[in-house]
Structure formats: structure tokens, C-alpha cells
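Following: one structure in C-alpha cells, then a few remarks.
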Amino acid sequence: MMHEAASMTGVKKSVIKYRIEVAQKNEPTEKEKAMEKKNDYQQSAFKKYGKVCVLCGFGIHDIVEIAHIDGNNKNHDLKNLVPLCPTCHKMLDVDLIAPDTIKLIRDRPRKANWDKLEKAAQKAAEAGKVSARMHPDDATIWRSGG
Ligand SMILES: [Zn+2]
């Protein structure tokens, strides 16, 4: 009994020692590294394509996501990435929208000033004018840019 208790204490001590060592090194964990990588490719994609859903024009920054066109979420090639709102992202993922169509829409020249639309949408979101339960008639807030 005595011997068993002593060895348990030994194990506990080594676990504590290990945890202290890990904490002192202050190195990012695997999860943190993965998060950093995710932020990197997302920021690159937002920089290249804007922070507006390329399909429907939804532009509230906190809601727009980066989708992987080929469905492979490890393929962070910029050509494989596209900003989409959660609804359009889902439609791509379930194959309601063809990947080739998304690429065409993403890369075509635009007549509308999307920078302006994006800023208007963000401003509306910050002012609390846009909510998840917003009436479709009010959607002009981010579509008209006014
Ligand atoms: Zn959308």
C-alpha cells in the first residue's frame, strides 16, 4: 500500500512538472498553430476577393466566411478560396451551386462598387440596423450602398 501511494505521488509530480515545462516554453499549441494558419489563408483570401459574399452580396464582416471551392478544407490555394455568406457556403457544400459557377462569379469584372457596398454593410451592422431577423425589404441597406 505504502509503495503504491508513493508511486502515485511520483506520477502526479511528473505530470505537474511536465505541465509547468509546457507552460514555461509558452509555445503555441497544435490548436493555436492551426488557428493561426486558418487566419492566414482567410486574411489572404479576404484581401484578394473582398469581405462580401461573391454570390449574394451579403457583407457583414463577422458573418462572411472563406469557403474551399473544391470541398477540400486543406487546399488553401487562393484559387480554391472564395468569400461566401453561411447560406451560400452551404449551397456550395451541398452542390446546389457548381464550383465552376462560383469561380466565374468570383472572378468576373464587377460594375458595382463592392468596396462601397462592403463598407455600407459593415456600417449598418455596427449601427445595429441589421439583425438576423431583418425583413427582406430592408435588405437594400447593404445592396444599395446607402
Ligand atoms: Zn451569400
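Answer yes or no: is there a residue in the range 98-117 that is modelled with pLDDT of 95 or more, acidic (Asp, Glu) and either in contact with a strand residue (DSSP E or B) (Cβ under 9 Å, 6 or more places away or on another chain) or assigned to a loop (DSSP other than H, G, I, E, B) (or both).
The answer is no; no qualifying residue exists.
Quick check on ALA34: is it small (Gly, Ala, Ser), closer than 30 Å to ALA125 by Cβ and within 16 Å of the ligand (Cβ to nearest atom)? Break it down into steps so the answer makes sense when it comes.
Details: small (Gly, Ala, Ser): yes; closer than 30 Å to ALA125 by Cβ: yes; within 16 Å of the ligand (Cβ to nearest atom): no.
For ALA34, the condition - small (Gly, Ala, Ser), closer than 30 Å to ALA125 by Cβ and within 16 Å of the ligand (Cβ to nearest atom) - is not met.
Take the range 22-59 and flag every residue that is over 30 Å from PRO109 (Cα atoms) and either surrounded by 14 or more Cβ atoms within 10 Å (Cβ to Cβ) or modelled with pLDDT of 75 or more (or both). Spell out the reasoning first.
Pass one, the range 22-59, residues over 30 Å from PRO109 (Cα atoms): 22-36.
Listed by number, the residues that qualify are GLU27, PRO28, THR29, GLU30, LYS31, GLU32, LYS33, ALA34, MET35, GLU36.
With assigned to a loop (DSSP other than H, G, I, E, B), within 30 Å of ALA124 (Cβ to Cβ) and out of contact with any Leu (no Cβ under 6 Å at 6 or more places or on another chain) as the only criterion, which of ASP95, ASP62, ASP70 stands out?
So the residue among ASP95, ASP62, ASP70 that is assigned to a loop (DSSP other than H, G, I, E, B), within 30 Å of ALA124 (Cβ to Cβ) and out of contact with any Leu (no Cβ under 6 Å at 6 or more places or on another chain) is ASP62.
Out of the residues in the range 73-89 meeting the condition of being aliphatic (A, V, I, L, M), outside any helix (DSSP H, G or I) and more than 10 Å from the ligand (Cβ to nearest atom), tell me which one is nearest to ILE105 (Cα to Cα). Please lay out each step first, then the result.
The first filter runs over the range 73-89 and keeps only residues aliphatic (A, V, I, L, M), leaving 78, 81-82, 84.
Filter again for outside any helix (DSSP H, G or I), leaving 81-82, 84.
Narrowing further to those that are more than 10 Å from the ligand (Cβ to nearest atom): 81-82.
Details: LEU81: 13, VAL82: 10 Å.
Per the stated criteria, the residue is VAL82.
The values are calculated or read from the model by the stated rules, or taken from the named source; none is laboratory data. As the structure is a prediction and not an experimental result, all values here were calculated from the model. Note: ideal-geometry Cβ built from the backbone for every residue, glycine included; neighbour counts use all protein chains shown.
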